Amino acid sequence: MGTRSTARVRANATRRLTALMAAAALVAGSASADPAAWRIAGSDGGEIVLLGSMHLLRARDYPLPAAVDGLIDRAETVVMEVDLDDVDLAAQQRLILEKALLPQGTELAEVLGAELYGVLEQNAAAAGIELKLLARFEPWFLALSMLEVGMRKLGFEAERGIEQYVLGSARSDGKEVVGLETIEFQIGIFDAMTPELQREFLAQTLTELEEAETTMNAMTDAWSAGELETLSDELLGSFDEFPGLYETLVTERNEKWAGSLEGMLDDGKRYLVVVGALHLVGDDSVIELLTARGHPVQRLP
């Protein structure tokens, strides 16, 4: 791969990883006029407020509902999946490039097999992606690449996502921003996937991109009104054929996050927790896990 091609891959790597788990940016809740949010009371006046994020939004989705600003104003500390206020972009890009490469002498076509590679070729050509430039990269990186390009074509960008908006407001107000995970950990989730699981991830991404515009439009409208309950079963069901993928991307992380958040309930601070909202729905959601640990969760009006 030439120097210019490698530089192009590096330049896009951060944006792709920012779109991490974009398929999980789903919110569910009963009908209301604002995005769904939940409160857990802590000790000494402290609290945790959970807000499901749309990782990708369009320019036309702004201004956001006023309730989002109210949640930011109330919080002393903002908690995200990753502390976006403390990211070394150069180091992150180097790490992605290092972890995403296939073993020497191995190429993507042989890893995917003829059928899936053929589907990828068609999708890449339609998206204007030169697949030969990515021939040495692992399937998970191709999934994120296709997702990022496909979403941008529809106008959905990570730069306009909820996290970036919340981060900007927190910076302006001098609020503390912390992360539940590191970039290294998130990259490691993908890098540790078995070849089979990576192929499933890529196949699922290509399938979902076929109806991405309809799905994302519905999700965004429902998110702003807190009316995604009617879609939650369908959206959670998108993982029915990929239980191992759901376990890796959602269930295992929910368990870790629940433990971390439980510890925050004892220090008397007010936290706003902004995470991909698929983590807040379903039987093994962060909300259900915290409830099971004896922390009543209240849906905010």
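Name, by its number, the condition in (1) modelled with pLDDT under 50; (2) within 20 Å of residue 82 (Cα to Cα); (3) buried (at least 24 other Cβ atoms within 10 Å of the Cβ) that does not hold for residue 37.
(1)
Please work out which residue is surrounded by the fewest Cβ atoms within 10 Å (Cβ to Cβ), limiting yourself to the range 263-301 and to residues that are of a type outside the set (D, E, K, R) and part of a strand (DSSP E or B).
Out of the qualifying residues, it is 298.
Among (1) touching a residue at least 60 places away in the same chain (Cβ under 8 Å); (2) part of a helix (DSSP H, G or I), there is one condition residue 177 misses while meeting the rest; what is its number?
Here residue 177 clears every test but (2).
Within the range 91-106, is there a residue that is touching a helix residue (DSSP H, G or I) at 6+ places or on another chain (Cβ under 7 Å), free of Cβ contacts under 8 Å to residues at least 60 places away in the same chain and surrounded by fewer than 16 Cβ atoms within 10 Å (Cβ to Cβ)?
No, the range 91-106 contains no residue that is touching a helix residue (DSSP H, G or I) at 6+ places or on another chain (Cβ under 7 Å), free of Cβ contacts under 8 Å to residues at least 60 places away in the same chain and surrounded by fewer than 16 Cβ atoms within 10 Å (Cβ to Cβ).
Does residue 227 qualify as being surrounded by 17 or more Cβ atoms within 10 Å (Cβ to Cβ) and in a loop (DSSP other than H, G, I, E, B)?
Yes.
Quick one: would you say residue 213 is at negative phi, out of contact with any strand residue (DSSP E or B) (no Cβ under 8 Å at 6 or more places or on another chain) and not in a helix (DSSP H, G or I)?
When the stated conditions are applied, residue 213 does not pass them.
Mind checking which residues of the range 161-201 are among the aromatic types (Phe, Trp, Tyr) and open to solvent by less than 40 Å² (accessible area, probe 1.4 Å)?
Those that are among the aromatic types (Phe, Trp, Tyr) and open to solvent by less than 40 Å² (accessible area, probe 1.4 Å): 190, 201.
Counting just the residues of the range 230-245 that are at pLDDT below 75 and open to solvent by less than 30 Å² (accessible area, probe 1.4 Å), which one comes out nearest to residue 280 (Cα to Cα)?
232
Report yes if residue 219 is open to solvent by less than 40 Å² (accessible area, probe 1.4 Å), assigned to a loop (DSSP other than H, G, I, E, B), touching a residue at least 40 places away in the same chain (Cβ under 8 Å) and among the hydrophobic types (A, V, I, L, M, F, W, C), otherwise no.
Taking the combined requirement at face value, the residue does not satisfy it.
Within the range 64-86, restricting attention to residues that are surrounded by fewer than 14 Cβ atoms within 10 Å (Cβ to Cβ) and under 14 Å from residue 168 (Cα atoms), which residue is modelled with the highest pLDDT?
Among residues in the range 64-86 that are surrounded by fewer than 14 Cβ atoms within 10 Å (Cβ to Cβ) and under 14 Å from residue 168 (Cα atoms), the one modelled with the highest pLDDT is 73.
The values are calculated or read from the model by the stated rules, or taken from the named source; none is laboratory data. These numbers were taken from a predicted model, which means no experiment stands behind them. Neighbour counts run over all protein chains shown; Cβ positions are idealised from the backbone, glycine included. To get the accessible areas, we keep the full protein, side chains included, count just its heavy atoms, and leave off ligands, DNA and RNA. Shrake-Rupley method; radii C 1.70, N 1.55, O 1.52, S 1.80 Å.
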